[in-house]
Every structure is written in structure tokens, then in C-alpha cells.
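J.: Let me give you the structure first, and then I'll get to my questions.
Taken together, the values in this text are just the output of simple stated rules run on the coordinates, not laboratory data. This is a predicted model, so every value here is computed, not measured. Every residue, glycine as well, gets a Cβ built from its backbone with ideal geometry; the counts of neighbours run over all protein chains shown.
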Amino acid sequence: MHKGYEVIVEQQIAHELQLKNVKTGTLAEIGQLADLAVVVGGDGNMLGAARTLARYDIKVIGINRGNLGFLTDLDPDNAQQQLADVLEGHYISEKRFFAGSASLSARLPETHQHGD
């Protein structure tokens with residue numbers, strides 16, 4: 001837990017990374033419990049998570065680990081600071097539509113996107 005935030009790791013990811021002593025849950029459970037989901041990966045990961053999380057009132061933000069990163073918002077080299085900015089309320093909320101479902105997305109203002 002960091003600064004009063006509780007972190008829930010998707011259970012399959014926690015298993016694959018052999019994470020111990022972390023709270024885990026399915027994407028549906030995360031959708032029910034969390035206010036913000038952080039998706040690490042490329043656009044495919046973002047789409048997959050957004051499809052599941054779209055039915056919940058949860059914001060989704062992505063850390064790009066893929067090639068293009070059209071749907072992800074955070075740069076992996078600056079993700080820690082950028083995520084801190086988001087958690088402090090420095091983001092623009094936008095609604096995106098994915099394969100017939102809508103997802104709320106937290107996006108950094110342009111001035112924060114590249115470590116400025």
C-alpha cells in the first residue's frame with residue numbers, strides 16, 4: 001500500500017510473476033472494488049481489460065509496454081511520476097468506446113505526457 005492506496009493485482013499476473021503477500025482478484029473483482037485500474041502492456045492488453053472493466057464505474061489508464069501504444073497513456077520511462085500525477089488528480093477523463101462497450105479513461109494533460 002502506498003500513500004493510502006490499496007493495490008489489487010490481477011490474479012493470473014500475480015501467479016505468473018510469483019508475487020507473494022499481495023491482494024489479488026479477477027478483473028471483474030477489481031472492477032467492483034477499485035476506482036482506477038492500471039493496465040501494463042500494449043493496446044491488446046488495454047482492449048482486453050477495458051472490455052471487462054467497461055461495465056464498472058472505474059477509470060482505466062495504461063502503461064505502454066507494446067509497440068504502438070495508441071490506447072495507453074503513460075510512458076514506461078516516466079510511469080511512476082505520471083501515475084503519481086494521476087493519483088493527485090492531474091488528469092483528463094475521457095470516455096472511449098471499445099468493441100461495443102465504453103470505458104472511462106484517465107489521461108494525463110499534454111504538459112505531463114512526456115515527463116515535462
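J.: Taking amide H positions as placed in the peptide plane 1.01 Å from N, state which residues far from T24 in sequence (5 or more) or on other chains have amide H under 5 Å from it.
T.: V9
J.: At most 15 other Cβ atoms within 10 Å and a DSSP loop assignment: could you name the GluC sites (Glu not before Pro) in region 1-86 that fit? Could the numbers behind the result be given before it?
T.: On the way: sites: E6, E10, E16, E29; in loops: E6.
Answer in residue order: E6.
J.: Check the straight Cα-Cα distances from K3 and name the lysines below 21 Å, setting aside those fewer than 8 residues away within the same chain.
T.: Straight-distance partners of K3: K20, K23, K59.
J.: Something else now. Between the DSSP loop rule and a limit of at most 11 other Cβ atoms within 10 Å, which trypsin sites (Lys or Arg not before Pro) in region 8-84 are left?
T.: Working: sites: K20, K23, R51, R55, K59, R65; in loops: K20, R55, R65.
Filter output for region 8-84: K20.
J.: Give me the number: length gained by fully extending Q32 to Q18, i.e. 0.36 nm times residue separation minus the C-alpha to C-alpha distance, one decimal in nm. Before the final figure, lay out the partial values.
T.: Values: separation 14, 0.36 × 14 = 5.04 nm, distance 2.41 nm.
This chain segment gains 2.6 nm when fully extended.
J.: Follow-up question, since we're still on this one. Seen from all sides and averaged, what is the projected area of the convex hull of the Cα atoms in region 1-67, in nm²?
T.: Working: hull surface 18.8 nm².
Over all viewing directions, region 1-67 projects a mean Cα-hull area of 4.7 nm².
J.: Can you run phi through the Karplus equation (6.51, -1.76, 1.60; θ = phi - 60°) for region 52-62 and list ³J(HN,Hα) in whole Hz, with x for Gly and Pro?
T.: 6, 7, 4, 7, 10, 7, 9, 7, 10, 9, x
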